[in-house]
Amino acid sequence: MRLLLIEDDPALQTSLKRTLERRGMRVQPCGDGLQALDIWRLQQPDVVLLDLSLPGLDGLEVLAQARQSGLLTPVLILTARGTVGDRVIGLNTGADDYLAKPFDLDELEARIRALNRRSAGAGGENASDQVVCGPLRLDAASGAIQHGFKVLDLTPRELRMMRTLMERAGRAVAKEQLFDIVFPGEPDVQYEAIEVVAYRLRKKLGGIGVTLVTLRGLGYLLKADG
């Protein structure tokens, strides 16, 4: 099991990494909110352990941005903010579980394994968790789009657009609908910006077996070649 540990306390980070790795897990530590988002997107961990008080970007904002960009990895919040209000805010932002510091290591391990089982079980029971378009596969449990064994390197906006198009592969998706999904809560973005995202996606999709098609007056669709 691969864990992303987002914790800025060096002593706790080292202690948790050593303990969890002894229990058979692979742990990628990170102490900065902005760096954590990049690592999360690139490495696609099975579970994320997230502290709320982080430099660079607050933990709740890390979680909010991750969910907005389509990352669905189970998240366990680890924090000294133990009030009911804090727990409610974290869960409403997209966390799956919450453990207040100080915590018991056996309980932490049990919660991590429960989140991983729940995520794996959902993937096995629901066919919509594996969306396929030609050689591309969208794993809804992690939010990643893969070509073979390689995860496509996409920006959050490109990923939101690709997820939407893959879920509706072969069908036109209106520009207006895509704009609202790709640029959520960004009132200052010009409408034509959706065309820039589509252009960049086409370049990244070149030669891998799928085509992003522009349908004048209708929007865009994604189709498998051949």
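Just so it is clear, none of the values below were taken in a lab; they were calculated from the coordinates. On a predicted model such as this, the values are computed, not experimentally measured, just so you know.
Given a cut-off of under 8 Å on Cα pairs at least six residues apart, what relative contact order in percent is computed for the stretch 129-224? Display every interim value, and only then the final one.
Details: 127 pairs, mean separation 29.0, N = 96.
Dividing the mean separation by the residue count of the stretch 129-224 yields 30 percent.
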Given H placed on each backbone N at 1.01 Å, which residues far from R23 in sequence or on other chains put an amide H within less than 5 Å of it?
-> none
Using the Karplus equation 6.51 cos²θ - 1.76 cosθ + 1.60 (θ = phi - 60°), what ³J(HN,Hα) coupling, rounded to whole Hz, does each residue of the stretch 214-221 give in order, writing x for Gly and Pro?
-> 8, 10, 4, x, 10, x, 10, 9
By the DSSP-based rule, helices of the chain that are at least 24 Å long along the axis (C-alpha) and have a mean Kyte score of at least -1.0 are 105-125
Quick one: what are the phi-derived ³J(HN,Hα) couplings along the stretch 73-80, Karplus 6.51/-1.76/1.60 with θ = phi - 60°, whole Hz, x for glycine and proline?
-> 3, x, 10, 10, 7, 10, 7, 7
Where a Cα-Cα gap under 27 Å defines reach, which lysines qualify for K223, not counting those fewer than 8 residues away within the same chain?
-> K150, K175, K203, K204
